[in-house]
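One structure below.
The values are calculated or read from the model by the stated rules, or taken from the named source; none is laboratory data. Remember, predicted model here, so these are calculated numbers, not experimental data. Cβ coordinates were reconstructed from backbone atoms using ideal geometry, including for glycine residues, and neighbour counts include every protein chain displayed. These accessible areas exclude ligands, DNA and RNA; they are computed on the full protein's heavy atoms, side chains included. Shrake-Rupley method; radii C 1.70, N 1.55, O 1.52, S 1.80 Å.
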Amino acid sequence: MPSTGQSSASQPSAGQSPGGRLLFRTAVDADIPGLVALIESAYRGDASRAGWTTEADLLEGQRTDPDGVAAVVHKEDGRLLIAEQDGQLVACCQLEHRGDHAYFGMFAVRPALQGAGLGKVIISEAERTAQATWGAREMRMTVIRQREELIAWYERRGYRRTGEMTPFPYGDERFGIPQRADLEFELLVKALG
């Protein structure tokens with residue numbers, strides 16, 4: 001199945017979530033403004049404090065922008081998976097095919113819906129999609145290592161910490177304005193299948 005955001009990649013699939021039926025599909029250009037707003041609301045500023053995934057104490061500024069989301073939507077070997085409920089965008093995640101594994105990123109759930117089990121449904125669909133689309137045998141992601149509560153949530157979903165760190169892109173405000181000098185990303189992995 002193509003992953004460039006074309007209509008054949010936008011074929012919806014359905015799933016169940018605690019709040020009702022979810023519709024999953026691959027994002028297209030028309031989704032970009034709503035996706036930017038969703039991602040920003042889940043991670044930055046006062047609105048993000050309604051949920052538990054906020055990075056507002058670690059980073060100020062933006063989390064992403066329309067160009068960053070568009071790059072993911074148009075990525076040849078990837079897709080931006082979105083979840084809709086009652087016609088509303090409620091969650092998204094990036095999936096990128098990287099050889100024998102898939103990369104998982106740009107994961108956002110509307111703050112008012114966090115903590116009700118929706119994230120578990122989204123990550124399960126992402127894992128299923130990576131396996132079905134690319135035959136991925138492993139999912140990988142990077143998480144700011146200071147996000148202990150978030151890392152523990154991923155560990156409960158079967159991801160393991162590797163201890164492999166990469167530096168935060170200090171000086172590149174496209175990713176936010178760090179509020180401390182020790183930020184770095186840790187690689188988490190999970191075997192699929």
Where a ≥ b ≥ c are root eigenvalues of the Cα gyration tensor, a/c under 1.5 meaning rounded, otherwise prolate if a/b exceeds b/c and oblate otherwise, segment 74-166 counts as oblate
For Glu55, distant residues with modelled amide H under 5 Å away:
Arg44
Paramagnetic reach from Ala191 in segment 96-139 [backbone N under 11 Å; point 7 Å along Cα→Cβ]:
138
Along segment 169-178, Karplus-curve 3J(HN,Hα) (6.51, -1.76, 1.60; θ = phi - 60°) to the nearest Hz, with x for Gly and Pro, reads x, 4, x, 10, 5, 4, 10, x, 10, x
Once you put a point 7 Å from the Cα of Arg21 and another 7 Å from the Cα of Arg157, both along the Cβ direction, what distance in nm separates them?
2.4
Rounded, prolate or oblate: pick one for segment 129-177, where a ≥ b ≥ c are the square roots of the eigenvalues of its C-alpha gyration tensor, a/c under 1.5 means rounded, and failing that, prolate if a/b is larger than b/c, else oblate.
oblate
Per DSSP, loop trypsin sites (Lys or Arg not before Pro) in segment 102-158 with at most 15 further Cβ within 10 Å:
Arg137, Arg157
Summarise the accessible area of segment 61-114 (1.4 Å probe, protein heavy atoms) by the percent that is carbon and sulfur.
44
So how much slack lies between Glu149 and Glu60, counting 0.36 nm per residue of separation and subtracting their Cα-Cα distance, in nm?
30.1 nm
Could you pull out every residue, at least 5 positions away or on a different chain, whose amide H is within less than 5 Å of the one on Tyr159? Hs are placed 1.01 Å off N in the peptide plane, and Pro or chain starts have none.
none
Hey, what's segment 78-119 come to in accessible area per residue, 1.4 Å probe, Å²?
33
At a probe size of 1.4 Å, how large is the accessible area of Thr162, to the nearest 10 Å²?
50
Using θ = phi - 60° and the Karplus form 6.51 cos²θ - 1.76 cosθ + 1.60, what ³J(HN,Hα) does each residue of segment 151-160 get, whole Hz, x for Gly and Pro?
4, 4, 4, 5, 4, 5, 8, x, 7, 10
How large a share of the accessible area of segment 125-167, in percent, is made up of carbon and sulfur atoms when the probe is 1.4 Å and the other protein chains stay in place?
42
Karplus couplings for segment 74-82 from phi (6.51 cos²θ - 1.76 cosθ + 1.60, θ = phi - 60°), rounded to Hz, Gly and Pro as x?
8, 4, 4, 9, x, 7, 10, 7, 10
